[in-house]
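Down below is the structure, laid out as structure tokens.
Bear in mind that the values in this text are calculations on the coordinates, not laboratory data. For clarity, every value in this text was computed on a predicted model and none was experimentally measured. Using ideal geometry, Cβ is built from the backbone for each residue, glycine included, and neighbour counts are taken over all protein chains shown.
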Amino acid sequence: MPRRSEVGKKTSKHDSETCQVSECALCKLKKPFDLPPEIVSAYRNGKLVIFAGSGVSTESREVYPSTFYQYIKNKLNLPEDEEIRFSKLMTLYSSPPRSRKDLLKAIRDRIEYVKTFPELYNRATEFHQELSTIPHLDIIFTTNWDDFFERECYATPIVTGQDYVVLEDTPGRKVFKLHGSINSFGSIIATENDYRKCYRRLNTGVIGGKLKLLLMSKTVVFLGFLLTMKTFRGYTAY
Ligand SMILES: [Zn+2]
């Protein structure tokens, strides 16, 4: 089982309650909200499932000044205002003169960099640290490549159908990593080709089956996604 990171505990955490900084960039991102009672009752009845996107992690505005998407776009010298799908951008980046290896290295570097700096790591894992304090919230789906749910919430990663078959009955938190894991480069879903493979697998495999079942029978809360229909086309079509 991965050990909970000690990194974050060595720095003092930003606390909005006591923060004195005027125009604080972190406090500005703390928006008040009402927790819908449906979510509370779903949690009480053990029916709450978390579906987490990159906005709760490395792509949170508190972590990097620009997103991975923007970073890659700059590397390719594409105009700022050009609209291009994420997977298309990843395909372009891994095409000659570069290769898939360059894309995977860029992904790894982004996550490793965050892990190197305690303050960044703390911000990138704020959500995970909070979630780790909530008992019985045992099913997490994520499209994130990083291993922060494993590190911070002691979640057992399920990446392949085989993982699922073997680990399904083990107690405790599980994180279903729909777009693969940084700890297994072969599993990473990023390019258009990867997405096609991923959709096919979700459509026919055991993890996709589990996801379909949960979407029908539980309350699934989506966090950290840019809410466009495109984002969910792949997951809601089945
Ligand atoms: Zn502040």
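Side notes on the structure shown:
- Each residue of region 62-122 gets 88 Å³ once the volume of the Cα convex hull is shared out per residue.
- Antiparallel %, DSSP beta bridges [both residues in the chain], to 5: 5
- Relative contact order (%) - criterion: Cα under 8 Å, at least six apart; region: the chain: 28
- Listed residue pairs exceeding 19 Å between alpha carbons, taken from K31/K218; K75/K177; K197/K218; K73/K115; K13/K115; K47/K210: K31/K218; K75/K177; K197/K218; K73/K115
- Normalising by residue count, region 79-194 has a Cα convex hull of 128 Å³ per residue.
- Residue-wise HN-Hα coupling along region 143-160, computed from phi with Karplus coefficients 6.51, -1.76, 1.60 (Hz; x: Gly, Pro): 9, 7, 7, 5, 10, 6, 5, 5, 5, 9, 10, 6, 7, 7, x, 10, 10, 10
- When only Cα pairs below 8 angstrom with a gap of at least 6 residues are kept, region 72-143 shows a relative contact order of 14 percent.
- Dipole moment magnitude, nearest 20 debye, the chain about Cα centre, only Lys, Arg, Asp, Glu C-beta charged: 660
- Applying both filters, DSSP loop and at most 12 other Cβ atoms within 10 Å, to the chymotrypsin sites (Phe, Trp or Tyr not before Pro) of region 12-93 gives F33.
- Residue among S54, S16, S99 with the largest mean-square fluctuation in a Gaussian network model of the chain, springs linking Cα atoms under 10 Å: S16
- Among the cysteines of the chain, those with no neighbouring cysteine Cβ under 4.7 Å are C19, C153, C198.
- Of T170, T91, T160, the one that fluctuates the most in a GNM where the chain has Cα springs shorter than 10 Å: T170
- Under the Karplus curve 6.51 cos²θ - 1.76 cosθ + 1.60, θ = phi - 60°, whole-Hz ³J(HN,Hα) for region 98-111, x wherever Gly or Pro sits: 8, 9, 4, 4, 5, 5, 5, 5, 4, 5, 4, 4, 4, 6
- Highest GNM mean-square fluctuation among V220, V114, V40, for the chain modelled with Cα contacts below 10 Å: V40.
- Charged side chains reduced to their Cβ positions (Lys and Arg at +1, Asp and Glu at -1) give region 134-202 a dipole of some 260 debye around its Cα centre.
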